[in-house]
Amino acid sequence: MLAIKELTAGYGQLRVLHGVSMHVGKGEAVAIVGANGAGKTTLVNAVCGLGPVTQGRVIKDDVDLTSDAAHRRGRHGIAVVLENRRLFGEMTVQENLRLAEEHGRAYRSANLQFTWQRICELFPLIAERRRTRIELLSGGQQQMVAIARALLLQPDLLILDEPSTGLAPKIVKEILHVLRGLRSEGMGILLIEQNVGVAVEITDRAYVMALGRIVHEAAGTEWQTFLNDERLAAAYLGKASAGI
Ligand SMILES: Nc1ncnc2c1ncn2[C@@H]1O[C@H](COP(=O)(O)OP(=O)(O)OP(=O)(O)O)[C@@H](O)[C@H]1O
Ligand SMILES: [Mg+2]
């Protein structure tokens, strides 16, 4: 579904990604974990066309998207929930979502899985607060709107950059519940997450990133028990970020 090949990217003279290769299979849920500054967000931006790529390729369903602008990637079923959400604070929940809904319809009219009704079932808060300005919502509520907005683009691959950061455990649980449901319906998920405990809950496999490289890949039991292996977690993530 998604293949990233030998990706090199950076900012000006600073090289941040050094030949990153990875893939997400159809309907697979994959995590990327790694300490602060490892290059996770830079990778997300490169995949979504929001950051510069100096070398390498981004391929979705056998189509090379490397030189496509960000807005064109939505047509290929990629939607992203960015690290800082980037909602329009002065607009209401409904206004933010309607914009995405229109884009989604234009992108993938044959595949309208996420209707307004479905979104309200997934996140009842959205129906209740639809006329509220985004800036008046809590961080957790805003995160739900950000996920809903991504879904209205009708993706088959949802990329989330640290969706749990700064949120109360109860809200994280609610969001994980929704993501687990989407995954069981076959949605591809690429989850960037520093909290391994959260990532393990909804993904089958993970890449560990450090200093702009993939330094380890964990799947199956190794991934499910990643945190139990202190040596592994400490070596790749450092004690502080490995803990939950
Ligand atoms: N816009 C930018 N301009 C210059 N350097 C940047 C920019 N964004 C990130 N960097 C640098 O690139 C490196 C990787 O940053 P990135 O944000 O990709 O890491 P990250 O793994 O997402 O970290 P975090 O867990 O804190 O979100 C860091 O050294 C950072 O200082
Ligand atoms: Mg980041």
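For this structure, a couple of remarks:
- Residues satisfying the stated conditions in segment 62-77, i.e. over 24 Å from I134 (Cα atoms), aliphatic (A, V, I, L, M) and either within 14 Å of ligand 1 (Cβ to nearest atom) or open to solvent by 10 Å² or more (accessible area, probe 1.4 Å) (or both): V63, A69
- Summed over segment 86-116, the residues that are closer than 15 Å to Q154 by Cα and part of a helix (DSSP H, G or I) give a count of 15.
- Those residues of segment 58-88 which are within 18 Å of M209 (Cα to Cα) and more than 13 Å from ligand 2 (Cβ to nearest atom), in sequence order: V58
- Residue identified as assigned by TED's automatic domain parsing to the domain that holds I202, within 16 Å of ligand 2 (Cβ to nearest atom), more than 23 Å from R183 (Cβ to Cβ) and touching a Lys or Arg at 6+ places or on another chain (Cβ under 9 Å) among A46, A38, A31: A38
- Residue that is nearest to G74 (Cα to Cα), among those in segment 109-125 that are more than 20 Å from the chain's Cα centre (by Cα) and surrounded by 15 or more Cβ atoms within 10 Å (Cβ to Cβ): W116
- Filter result (more than 16 Å from ligand 2 (Cβ to nearest atom) and touching a residue at least 24 places away in the same chain (Cβ under 8 Å)) within segment 8-21: T8, R15, H18, G19, S21
The values are calculated or read from the model by the stated rules, or taken from the named source; none is laboratory data. Predicted, not measured: the structure shown is a model, and the values here were computed from it. Positions of Cβ are generated from backbone atoms using ideal geometry, with glycine treated the same way; all protein chains shown enter the neighbour counts. Just so you know, the surface numbers come from the protein's heavy atoms only, side chains and all, with ligands and any DNA or RNA stripped out. Shrake-Rupley method; radii C 1.70, N 1.55, O 1.52, S 1.80 Å.
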